[in-house]
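Chemist: Have a look at the structure that comes next, please.
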Amino acid sequence: MLFEDLSLSKSIQRAVFEEGYTSPTPIQEKAIPFILAGKDLVGCAQTGTGKTAAFAIPIIHNLHKIVGSSKKTKQIRCLVVTPTRELAVQIGESFDTYGKYTNLRQLTIFGGVSQVPQVDQLKKGVDILIATPGRLLDLHKQGFVDFDHLHFLVLDESDLMLDMGFINDVKKIVKLVPTNRQTLLFSATMPMAIRELADSFLTKPEYVSVTPVSSTAEIIQQQVYFVDKSDKRGLLYHLIRNENLSNVLVFVRTKHGADNVVKALKKQGVNAEAIHGDKSQTARQRVLDSFKNKEITVLVATDIAARGIDIESLPYVINFDLPNIPETYVHRIGRTGRAGNGGISISFCGKDEEVYWKDIQKLIKVNVKTIKDHPFPWKETVPNPDAKPDLRNKKKQNGKNNSRKSEASKKNKKRWY
Ligand code: AMP
């Protein structure tokens, strides 16, 4: 299928063509016709699948028709709610890109910065508002946001909003907007809580899903290094220097861990920065921009901070710590190999993480290449990849990890798509 086949207005086709897109991605092919037809929709798709364009393009098409070319006062007709500032900024940029030949105006609002410029823009009038939940409710309470003309409500990254504790805010927002709206809900995973939300917020929704979370893109080369925990920083530095890696996204489990890895790399002269929840929004955006502009060699991130980060052609993802939830591995390595570009994912597996690695392999069902030739192998023997999981070790993991893991396994079995 080509974009021409979607009956989109010429102005959108031109903008999409200038971006270099020829064919819609699978989520776009499935979702765009439903959205154009005015249906509510639940989309199960992770970032990297082209899901932003899957909702932005048909919304722009329909709004362009509604608003026409008249210069009448801008009113908020589309609200996109998303959990983080980074996501909000990326969505705003997408609306700007695909809508550049329309007269629609978008505004992105988020907390952690002064509200004054945002209020000024709201007073001038906007057609599309992209917002994080807290700042949106705040500005609404102060009377700066008017939803009377709202037609589209998009809830983006809904599972992340749930994880980040925004769900009550989202419920409040849904109560504030008109009931005769078109609602689109996107989520990378579909746990029961999200399905319940979809049932209560949407009217007879269509369901579309792409790339189940267990599948890792074939264009990503996956490698694993078995390395003792105490040698991981040494191995990271070794790879960066010897393999001459740059534009590397490194995942760690904790904020403290992220800072420590950055400190160690900086000591060795590597240009590294961390991005995590303890950094201010401004600092996170600054670091992200520098990484995108290739001024930073290594970006060290926690899962929440990195989720949804869209960096074109990110060549390397390194799992410095393995995640204890196997699906997280898939989300992490999905930061590379986007939109058809190849990528390499490198995982460090410590002795205490062997159980996580086995769970990941069970989920992805891909034979990941073990790199044995490196200066920091396990002090004892490298494990036999065919060995059965060590259940004794597994029992020793703390209760939280076990219950999260078994939840993940249950979710796997119950997956609805
Ligand atoms: P998203 O899943 O929305 O974060 O999009 C991931 C990346 O795919 C973004 O960099 C988009 O610019 C890109 N993209 C979206 N749709 C297409 C398409 N139809 N063809 C090529 N690239 C696309």
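The values are calculated or read from the model by the stated rules, or taken from the named source; none is laboratory data. For clarity, every value in this text was computed on a predicted model and none was experimentally measured. In this analysis, Cβ positions are derived from the backbone assuming ideal geometry, glycine residues included, and neighbour counts consider all displayed protein chains.
Chemist: Output the residue which, of all residues in region 1-50 that are touching a Gly at 6+ places or on another chain (Cβ under 8 Å) and near the ligand (Cβ under 7 Å from one of its atoms), is nearest to Pro191 (Cα to Cα).
Modeler: This residue is Thr47.
Chemist: If you don't mind, another one. Of the residues that make up region 71-89, is at least one closer than 30 Å to His276 by Cβ and surrounded by fewer than 20 Cβ atoms within 10 Å (Cβ to Cβ)?
Modeler: Yes: region 71-89 contains one or more residues that are closer than 30 Å to His276 by Cβ and surrounded by fewer than 20 Cβ atoms within 10 Å (Cβ to Cβ).
Chemist: Look at Asp231 and say whether it is more than 13 Å from Asp321 (Cβ to Cβ) and buried (at least 18 other Cβ atoms within 10 Å of the Cβ).
Modeler: So Asp231 fits the description; yes.
Chemist: Just one of Asp169, Asp148 is in the same structural domain as Gly134 (by TED's automatic domain parsing), of a type outside the set (Ser, Thr, Tyr) and modelled with pLDDT under 95; which is it?
Modeler: Just a single option satisfies the conditions, and that option is Asp148.
Chemist: In region 89-100, what residues are under 20 Å from Lys124 (Cα atoms) and either aliphatic (A, V, I, L, M) or assigned to a loop (DSSP other than H, G, I, E, B) (or both)?
Modeler: Selection gives Val89, Gly99, Lys100.
Chemist: Let me confirm something: among Val287, Val270, which residue is more than 23 Å from Asp156 (Cα to Cα) and touching a residue at least 24 places away in the same chain (Cβ under 8 Å)?
Modeler: Matching residue, one of Val287, Val270: Val270.
Chemist: From (1) within 13 Å of Val154 (Cα to Cα); (2) surrounded by fewer than 23 Cβ atoms within 10 Å (Cβ to Cβ); (3) within 11 Å of the ligand (Cβ to nearest atom), pick out the condition that doesn't hold for Ala54.
Modeler: The number of the failed condition is (2).
Chemist: Looking only at region 57-87, how many residues end up being touching a Pro at 6+ places or on another chain (Cβ under 9 Å) and away from the ligand (no atom under 11 Å from the Cβ)?
Modeler: 4
Chemist: Looking only at region 247-268, count every residue that is in contact with a Leu (Cβ under 8 Å, 6 or more places away or on another chain) and within 11 Å of Asp321 (Cβ to Cβ) and tell me the total.
Modeler: The qualifying residues number 2.
Chemist: Are any of the residues in region 181-194 surrounded by 20 or more Cβ atoms within 10 Å (Cβ to Cβ), on the phi < 0 side of the Ramachandran plot, at pLDDT 95 or above and among the aliphatic types (A, V, I, L, M)?
Modeler: yes
Chemist: Of all residues in region 247-280, count the ones that are closer than 17 Å to Leu314 by Cβ, in contact with a helix residue (DSSP H, G or I) (Cβ under 7 Å, 6 or more places away or on another chain), not in a strand (DSSP E or B) and not aliphatic (A, V, I, L, M).
Modeler: Looking only at that region, the number is 0.
Chemist: Looking only at region 35-66, which residues are assigned to a helix (DSSP H, G or I), under 23 Å from Thr336 (Cβ atoms) and of a type in the set (A, V, I, L, M, F, W, C)?
Modeler: If the condition is that a residue be assigned to a helix (DSSP H, G or I), under 23 Å from Thr336 (Cβ atoms) and of a type in the set (A, V, I, L, M, F, W, C), then Ala53, Ala54 are the ones that fit.
Chemist: What residue, of Thr302, Thr297, Thr216, is modelled with pLDDT of 90 or more and of a type in the set (Ser, Thr, Tyr)?
Modeler: Result: Thr297 is the single residue among Thr302, Thr297, Thr216 that is modelled with pLDDT of 90 or more and of a type in the set (Ser, Thr, Tyr).
Chemist: Checking the condition touching a Cys at 6+ places or on another chain (Cβ under 8 Å), surrounded by fewer than 20 Cβ atoms within 10 Å (Cβ to Cβ) and modelled with pLDDT of 90 or more, which residue from Tyr207, Tyr225 passes?
Modeler: Tyr207
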